[in-house]
Structure formats: C-alpha cells, structure tokens
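Undergrad: First, the structure itself, so that you have it in front of you.
Nothing in this text is a laboratory measurement; each read-out follows from the coordinates by a stated rule. Keep in mind that this is a model prediction, so the values were computed, not measured.
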Amino acid sequence: MRSSAIMKVVLAVAGASLFSGCLVSENPILDETNGRATPIKPGAYIACPLSDDADASDCDAMIVFHDAGGLYRFEKEDEKPSLFRFRKIARRGYAVQTTEDSDDSYLYYYGQRNGKRFRLTMMMCAELPAALRDDLIANGDLASEDDDFETCVVNTLSGLTQAAKAYHRGNVGNDGAGSGEMVLELTPASDVSE
C-alpha cells in the first residue's frame, strides 16, 4: 500500500510498524454522493504530527483545495497530491477517506474540527471496541483475515461511519497513552506565523 503525503508526515514520526492495524479498502467508500462535507477551508496549512517526540522539523507546509463535489486535494511541494473526502458523522466529527492521486487503495481517518484547526486520527481496527468490531465483521461491514486485526477492510458506508463514531465518542483503546495513535493536526499557516 502506497502512503500519501499526509501519511508520510505521520509515518516519519511514528514509524512504519504502526501503519499496520489501520482501516483500508480497495474501492472508495466515500464518493461525490456521500462524501461531500467541506470542513476545512481552502488555503495554506501547516501539518504537524502530534506525538511526544515530534518537533517543528516534523511539520510540513501544504496547500488545501476542494472542488464543488467535496473532493479535497492536499498538495505538498514536489509530492504527489493526496485526495480526501469527508462525511460528517457528528458535530465537528467526520469520517475521512484518503488516497494518493490515481492510487487504487484507500485509508480511513477520524477527523475533528476544532475552531480553525483540523485533527486527523488514523482509525485502527484493533482499537475499536471488540463488540462493535465483532458486529461489523459479522454483518460484513468490515473484514479481517486474522485474530489480531492487523488490518481491517472497510466494505460499507455503515462500517466506516460506525468506526468513526466510536472514535468521536472516545470509545477506542490503544496500547498506552497515545502510543498507538497516529494523529496529524492542520493549522492555518496564517495562525502559525502570527
């Protein structure tokens, strides 16, 4: 699976081994009919990973655009743009789908708007509440080939939105205080320079 520019920022800090366990799909779950939310204003942003060992050198400048159909392009200089779609699942909460331009694999985040800032948290299959995960797998909304839930394939919009709602409610676990979380915060560049 190829990673997008946003994922590269997170992976540089968190390490590639944490990439396993995420929610993925080969086909897009969000499209122009169900992923049209526009929670981020177009413009210049600074994207920084949120972790104890991250510093300013781990941040990247990017330009964010979106079209009338809700398709976002996150562009970083000299890199392939990342494409994003957002679906509102609660007040200030979003299910987020990303891929690289012309890629054929998709990765899912929980997104949360906080004022002008926007935080993206990679959704991890093993962190979902066991009862929810088991129900989603039994219903065919998610699929996993192993008992450790190394990777879960998202099959339906319901599977994606229910996972995002669990993150929104804070009903997810991890290996320790933020140790498994891969979180990226976008801050308008104008706010950073002030």
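Undergrad: In nm, what is the difference between 0.36 nm times the number of residues separating residue 26 and residue 171 and their Cα-Cα distance?
TA: 49.6 nm
Undergrad: Straight-line reach from residue 41: which lysines have a Cα under 19 Å away, not including same-chain ones fewer than 8 places off?
TA: Output for residue 41: 76, 88, 116.
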